[in-house]
Amino acid sequence: MERLKEPEVSPSYLPLSDFTNEEAFRDTIGTLDERGKRRWIYPKAITGRYERMRTALAVVLLAFLFAAPWIKIDGHPLLLFNVLERKFILFAQPFWPQDFHLFVLGFLTTILFIVLFTVAYGRIFCGWVCPQTIFMEHVFRRIERWIEGDAAQQRNLDRSPLTLQKAFKKTLKHVAFYGISFAIGNTFLMYLIGTDAWTELVTEPPAQNLGGLSGMLAFSFVFYFVFSRFREQVCIVACPYGRLQGVMLDPKSIVVAYDYKRGEPRGKLTRNPETDQQRGDCIDCKLCVAVCPTGIDIRNGTQLECINCTLCIDACDSIMDRIGKPRGLVRYASEEQIQTGAPFRFTRRMWAYTFVLAVLASSLIFLLATRSEFELTVLRMPGTLYSKRADGAITNIYKYQLVNKTTRPYDLELRVANPDASISILNADPVIRAKAEALAEGMFIVSIPPERLKTTMTKLQFEVVSQGRVIDRTTTNFTGPIK
Ligand code: SF4
Ligand code: SF4
């Protein structure tokens, strides 16, 4: 059998379990040394079936991320999150502040979906879909390897004195990093202000758009800092989702796990069949540690730093192939499965989350399907009470706001449903001209003969009518004198 060469692993990546206290790894994070100083991670490149699948998914997601702001349907971008002007478009459907309840429900459903997924499948989101992992592992890390080489060459380059070649490589890398960060920052800005406003921003003289340009540069710099310096620290110390893992995972959650029953006692291959047979399948080559982008040893068990990127699975599978042992010493499995060999089962907690998720998702779908295209709001003018006209009628003054969420302009009529009340718009034109995707507002007076008032607070119902069809309703109060 071919003798395996040990992968190059810096002393800083030796698993802490190799030191005197085998639980010591729980006292610190893999990217800090004993003095609390940052340990720079140089993960070794590895290919394998999971890496290929993740790369394919990353290509699709990156293509979507960069293309989505440019895709327009009915003149609307596919996605827009204009928090500055409170304009939101999801899948070419404009949402207004009046649809805020849908946003809240959608947000809650997404959070619950992620929680349920985490309970059942661990941090699968982090490893496969999270933009931080996708950009870091599939874009920036690849560029770094193209320019500086794999882990050992990067480490040697960092330790070597400054030469012309080193200066060239470092400059090239950071220019490329900033260029991509600039592209990400601009895309982020497009999601925020839309491609039309972004095009104006970049084509008009800079002096006219200082605010927008500063935003663009600031976004780019933040991304550059994150991907060139902060890197895996985002997942370890900054990401709130990462921090929640401790409360969401249980022994039945599927995570990237080391099969210690099969792997231990670990030990190097000796070529002595008797000695090798007494050992587990782990040959202690530490390739799983060398490829880890968060600098941990998966053989220590599930750890806070693990982003479930599956690189250690591919690394260990490649070793198992080479020593003729079955793959899967490191694999997707739950703690319970490893311990008992039991198959995956849906726990009661998962059923409960699924039920709540189903309720929230169906409510959201129902509300989206029945979302009105117009939104009428009527409020009595603040600070006003009732007035008495010369003919004795009691009047209240109101303000209306009508949102036309459609892409067509409409001529609409506002009327009051109560038979005793009459309405007069404070405008020469009694028709409300609601422009496409715009807010129409104005004032009107409602009058009621005093003998028709039964209480000091009468409920009124208002309707917006288009070509004889009521398209939205709302209610408010009418105040009158005490009899
Ligand atoms: S332990 Fe494995 S799955 Fe977890 S971050 Fe490291 S390489 Fe990725
Ligand atoms: S788990 Fe696999 S990759 Fe890791 S040290 Fe053991 S044999 Fe090597």
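Descriptive notes on the structure:
- Among the residues of the stretch 256-301, those that are aliphatic (A, V, I, L, M) and more than 14 Å from ligand 1 (Cβ to nearest atom) comprise 269, 283.
- Residue within the stretch 259-269 that is within 22 Å of the chain's Cα centre (by Cα) and assigned to a loop (DSSP other than H, G, I, E, B) present: no
- Counted residues, the stretch 329-376 - those being charged (D, E, K, R) and either at pLDDT 80 or above or within 16 Å of ligand 1 (Cβ to nearest atom) (or both): 5
- One residue alone among 333, 315, 352, 342 is within 24 Å of residue 247 (Cβ to Cβ) and within 16 Å of ligand 2 (Cβ to nearest atom), and that residue is 333.
- Which numbered condition residue 174 fails, given (1) in contact (Cβ under 8 Å) with a residue 40 or more places away in the chain; (2) exposed (fewer than 15 other Cβ atoms within 10 Å of the Cβ); (3) closer than 25 Å to residue 311 by Cα; (4) not aliphatic (A, V, I, L, M): (3)
- The C-beta contact set for the stretch 364-376 (first residue within 9 Å of residue 472 (Cα to Cα) and free of Cβ contacts under 8 Å to residues at least 24 places away in the same chain, second residue of a type outside the set (Lys, Arg) and loosely packed, with under 14 Cβ neighbours inside 10 Å, distance under 8 angstrom, 6+ apart or interchain) is empty.
- Breaking point among (1) under 27 Å from residue 114 (Cα atoms); (2) surrounded by 18 or more Cβ atoms within 10 Å (Cβ to Cβ), for residue 378: (1)
- Of all residues in the stretch 268-302 being touching a residue at least 40 places away in the same chain (Cβ under 8 Å) and of a type in the set (Val, Ile, Thr), the one that is surrounded by the most Cβ atoms within 10 Å (Cβ to Cβ): 296
- Matching residues in the stretch 106-123 - criterion: being β-branched (Val, Ile, Thr) and within 20 Å of residue 309 (Cβ to Cβ): 114, 118, 119
- Residues (more than 14 Å from ligand 2 (Cβ to nearest atom) and either outside the structural domain of residue 55 (by TED's automatic domain parsing) or out of contact with any Pro (no Cβ under 9 Å at 6 or more places or on another chain) (or both)) located in the stretch 290-302: 302
- Complete set of residues in the stretch 318-337 that are under 31 Å from the mean Cα position of the chain (by Cα), in a helix (DSSP H, G or I) and surrounded by 19 or more Cβ atoms within 10 Å (Cβ to Cβ): 337
- Note on the stretch 303-324: residues that are in contact with a strand residue (DSSP E or B) (Cβ under 7 Å, 6 or more places away or on another chain) and either of a type in the set (Lys, Arg) or in contact (Cβ under 8 Å) with a residue 60 or more places away in the chain (or both) total 4.
- Among (1) acidic (Asp, Glu); (2) in contact with a helix residue (DSSP H, G or I) (Cβ under 7 Å, 6 or more places away or on another chain); (3) within 15 Å of ligand 2 (Cβ to nearest atom) - the single one residue 305 does not satisfy: (3)
The values are calculated or read from the model by the stated rules, or taken from the named source; none is laboratory data. Just so we're clear, the structure is a prediction, and the values are computed from it rather than from any experiment. FYI the Cβ positions are ideal-geometry reconstructions off the backbone, even for glycines, and counts take in every protein chain you see.
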